[in-house]
1. Does GLU259 satisfy the condition of being in contact (Cβ under 8 Å) with a residue 12 or more places away in the chain, outside any helix (DSSP H, G or I), open to solvent by 60 Å² or more (accessible area, probe 1.4 Å) and acidic (Asp, Glu)?
2. Among the residues of region 561-583, is any modelled with pLDDT of 95 or more, aromatic (Phe, Trp, Tyr) and open to solvent by 10 Å² or more (accessible area, probe 1.4 Å)?
3. In this structure, is TRP231 surrounded by 15 or more Cβ atoms within 10 Å (Cβ to Cβ), aromatic (Phe, Trp, Tyr), assigned to a helix (DSSP H, G or I) and without any contact (Cβ under 8 Å) to a residue 40 or more places away in the chain?
4. Can you name the residue in region 152-182 that is modelled with pLDDT under 95 and either in contact with a Ser or Thr (Cβ under 8 Å, 6 or more places away or on another chain) or among the polar types (S, T, N, Q) (or both) and, of all such residues, is nearest to GLU266 (Cα to Cα)?
5. For region 71-122, name all the residues that are in a loop (DSSP other than H, G, I, E, B) and surrounded by fewer than 16 Cβ atoms within 10 Å (Cβ to Cβ).
6. Mind listing just one residue for me: the one in region 983-1003 that is open to solvent by less than 70 Å² (accessible area, probe 1.4 Å) and among the polar types (S, T, N, Q) and, of those, farthest from THR907 (Cα to Cα)?
7. Which members of region 631-665 meet the condition of being open to solvent by 30 Å² or more (accessible area, probe 1.4 Å), closer than 23 Å to LEU700 by Cα and out of contact with any Cys (no Cβ under 8 Å at 6 or more places or on another chain)?
8. When you scan region 713-726, do you find a residue that is small (Gly, Ala, Ser) and not in a helix (DSSP H, G or I), even just one?
Amino acid sequence: MLPPHTLASSRAPPPRRVLTLQSRRYSQLRPRRPPPRLRTLRRRADPPSRLRQLQKPPPRPVGPDLSPRIKPPHPDPEKAEIKALIVRLMLSSTPKIQSQLSEALALIGMHDFPKSWPTLLPELIAELQKASDYASINGILGTANSIFKKFRYQYKTNDLLLDLKYCLDNFAAPLLEIFLKTAALIDSAATVSPAAVIKPLFESQRLCCRIFYSLNFQELPEFFEDHMKEWMTEFRKYLITNYPVLENSGADGLAIVDELRAVVCENINLYMEKNEEEFQVYLNDFALAVWSLLGTVTQSSSRDQLAVTAIKFLTTVSTSVHHALFAGEGVILQICQGIVVPNVRLREEDEELFEMNYVEFIRRDIEGSDLDTRRRIACELLKGIATNYKQQVTEIVSAQIQHLLTLFAANPVTNWKDKDCAIYLVVSLATKKAGGSLVSTDLVDVQSFFASVIVPELKGQDVNGFPMLKAGALKFFTMFRNQISKDVTVQIFRDLVRFLVAESNVVHSYAASCIEKLLLVKDEGGRSRYTANDIAPFFVELMTNLFNAFKFPESEENQYIMKCIMWVLGVAEISSEVAGTCISGLTSILMEVCKNPKNPIFNHYLFETVAILVRRTCERDPSLISAFEAGLFPSLQLILANDVTEFFPYAFQLLAQLVELNRPPIPPSYMQIFEILLSPESWKKASNVPALVRLLQAFLQKAPHELLQEGRLIKVLEIFNTLISSPSTAEQGFYVLNTVIESLEYNVIEPSICSIWAILFGQLQKWQAVKFLKSFLILMSKDARTRLFVRRIPTRADAAKIGRAESVRIGRIGQYRPATDLAETGRNQNRRNSDLRCILSLFCESAESRRTRTLLFPECILITGAIELKLTAVASTRLICFIGESPALLDAANVELWGKMLDSIVTLLSRSEQDRVEEEQEMPDIAENVGYTATFVRLYNAGKKEEDPLKDIKDPKEVLVASLAGLSSRSPGRYPQIINQYLDPANQAALLQLCNTYNCQIV
């Protein structure tokens, strides 16, 4: 049982713990200066002279340089001298220095080659043609391989193709020449020369093959098409020829031969994928060669790369138009028995990985990163063959699975790997439904296989026996969870709970993952299949075992366990006793990870778990808030006081959640946080800004009267000004402004309104960022208090008082503003008309400004979010209807503006978000990216609840057509003409359809 906790020990809440923070420590978050040694290195000059010193023999063996990489800027003459020296120095240096200079040369080439370094390739070719030793030849080929790699990974552009043509024109012929020359040397020396002589030749051929891959990656060059026979003849020779001198000389000798064969397989696979028509002449010979080669490749892990690349080539062939190569009698059976099953069976290396590095094993096994492993690629080969021969594959593999299970049944202790192989085949060959979690298989009947093969493993009393077999059974259950009925699953749930205390890290991780995935299963209609009632009988045991799993070595920060805890707490009914134990356990873990944050995924789930526990428990019983504060404040204090910068965004979001859960007045323990929050130092780190805004919003909503003291409102508006001035934080600035307007009385913010408008319009004139315009439109669309804010658009007199240059423009807007403000009480219609009249003045003035007219109104189609869309649509509808009845519409320019506004509204309401919105890439502030910057990650369970200010309006589409119908009835014949002239034809059709839907007519 879980021990009781203070949350349930007393009805009286415990005293609030004061969160003592030191703003001095918090201010230390500014970027630190580099250490003195690095500053000294930056001041060093004359790199060419240091490069020349490399020509002198080193006084002692030189190892790899582990000092920090400093990139001081060099003048152009120094760059030219470095580039003039580096090739010759590389070739004349010792091997260790040569490798470093080759890397440096490649780095320079990434930036300068070929346009800013036209001499490099001719110099490499000249050195290659006169080089007599293979140490120099391989150094040159290694450099060429490095600078040509960009042709594999960069997008095909005209500039890239021009660079590729330049390289082909100059290097293709010398490459073939050295390749054939080396091939002849290998043929003559393969049986008579010692391994030490042959190894450099094979390394040279491997580098030539890598260069071949780079130069052929984008498309088939004419030179290589003309000389395909020479290349393919040598490629095939390396696949079918044995080299006993090397292969029997030890692991290194066999490895270098396998590396050459592996890159040959990659090259022919590339041609099979991209140049199938030209390659088909050689296909049969290569398919047979690869097939034969695979028969000789042992299960040693040192030969994995060769096995994977060879099987990948056969997989490519199986899905091509030449799949008939697999149609012969007995071919698929031979593949299954000779290639697939041997490569799927567990090896000693797999068992070692399972026991010694469970994180890597799981990453490969269930997270899909094992595509380049033997087990996965062998199954991919079967899938490829099944695309054209599904029935044959299904029959053969099904029979093979039954054979494996029969072998297991004959001797379960000895043949447990046969059962594991059978389970793996079923799981790996299952097909997943696109866009969902539902999987299916034709190899076995899932229900029957689960009952006869999987359940016995899950019901076994020894959770530590045959752990790899247990892991495979849990993986099968997780994958086919949708097909297993609820009645069967409920009976096995307790067994899953038992596996949480298995000693194997993989087994208790898989058990946690299985429980988590089961809780996410949805039935038709989106209803959760498993509810709190289903896990209630063993909930306490489940939570106990989950927290105990963290005590196993290497599972102290097990992300699968923490994620499971998060989802269990999101489903279960949480008593105060369990909540107390959970928060105690979670804060204990948090205090520990604060010492050295190293697993960001685990840390995120940890904070999400705390957030969901606080939300679900405190929303149900607000009296527990103080107990949660007592438990969480020491951890949050440790994060902020000790500069655990990785956790700052999480800490601020949790504090915001706690502030929002409190009922006014806010306890004094939070006011010290509020003071730190208002400090400009707190806002200098970009990754903290969204979380700080979230916390500031919580304070503004729960303690608005605190802003009236000690000049806090001015500090908040200064924060708004800082945020709004940067493209990367402007959207956050609008969040602050919206909350200020919604939370404070009008008379409190009235003295600052003119300044706020000056800032907004000043920024609107400076940039055209989509996020800024969207946020501005949403601000203009707000109802209630925002109407008061909009009414106070600055006059010319206000502009003079503000004294800002951009506000002089704004002053012209105010000439349309009503001279007197209407009373807040009564006359609601007149008040709305007054608000709309001042908005009208704003938009009519904008009609005189081409920039604002062309930017502001069309941007409403970029609004996203259901509430924001409704706000914008309703406000824009009211605006155009008011304009329609005003004298302003007599102006032809305003008529065009009115039509374009309506066109934008119809687009907003009639088209999906995917069709309307294409986010622009904001230009980041360079200063914000200097040094290390943690990334903000939003806590879903601590998120701010969005409230709809227009709850009475259900459908903005109906508001639009009803308003237009009423407007047109007062001026018949006027608006259809404007609509026909200025609305897009598609929007005209959409508007007509809306009118028919809501039975409204525009006359």
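The values are calculated or read from the model by the stated rules, or taken from the named source; none is laboratory data. Fair warning: this is a prediction, and the values are worked out from it, not measured in the lab. We place every Cβ from the backbone using ideal geometry, glycine too, and count neighbours over all the protein chains shown. Heads up: the accessible areas ignore ligands, DNA and RNA and are worked out on the full protein's heavy atoms, side chains in. Shrake-Rupley method; radii C 1.70, N 1.55, O 1.52, S 1.80 Å.
1. Values: in contact (Cβ under 8 Å) with a residue 12 or more places away in the chain: yes; outside any helix (DSSP H, G or I): no; open to solvent by 60 Å² or more (accessible area, probe 1.4 Å): yes; acidic (Asp, Glu): yes.
It is false that GLU259 is in contact (Cβ under 8 Å) with a residue 12 or more places away in the chain, outside any helix (DSSP H, G or I), open to solvent by 60 Å² or more (accessible area, probe 1.4 Å) and acidic (Asp, Glu).
2. Yes; the residues of region 561-583 include at least one that is modelled with pLDDT of 95 or more, aromatic (Phe, Trp, Tyr) and open to solvent by 10 Å² or more (accessible area, probe 1.4 Å).
3. On the way: surrounded by 15 or more Cβ atoms within 10 Å (Cβ to Cβ): yes; aromatic (Phe, Trp, Tyr): yes; assigned to a helix (DSSP H, G or I): yes; without any contact (Cβ under 8 Å) to a residue 40 or more places away in the chain: no.
No; evaluated as a whole, the condition is false for this residue.
4. ARG152
5. The initial filter retains those residues of region 71-122 that are in a loop (DSSP other than H, G, I, E, B), namely 71-75, 93-94, 113-119.
LYS71, PRO72, PRO73, HIS74, PRO75, THR94, LYS115, SER116, PRO118, THR119, listed by residue number.
6. Pass one, region 983-1003, residues open to solvent by less than 70 Å² (accessible area, probe 1.4 Å): 983-984, 986-991, 994-995, 998, 1000, 1002-1003.
Remaining after also requiring among the polar types (S, T, N, Q): 987-988.
On the way: ASN987: 6, GLN988: 10 Å.
Ranking the candidates gives GLN988 first.
7. Hits for region 631-665 are GLN637, GLU660, ARG663, PRO664, PRO665.
8. Here is the first cut: in region 713-726, the ones small (Gly, Ala, Ser) are 725-726.
Subset that is not in a helix (DSSP H, G or I): 725-726.
Within region 713-726, one or more residues are small (Gly, Ala, Ser) and not in a helix (DSSP H, G or I).
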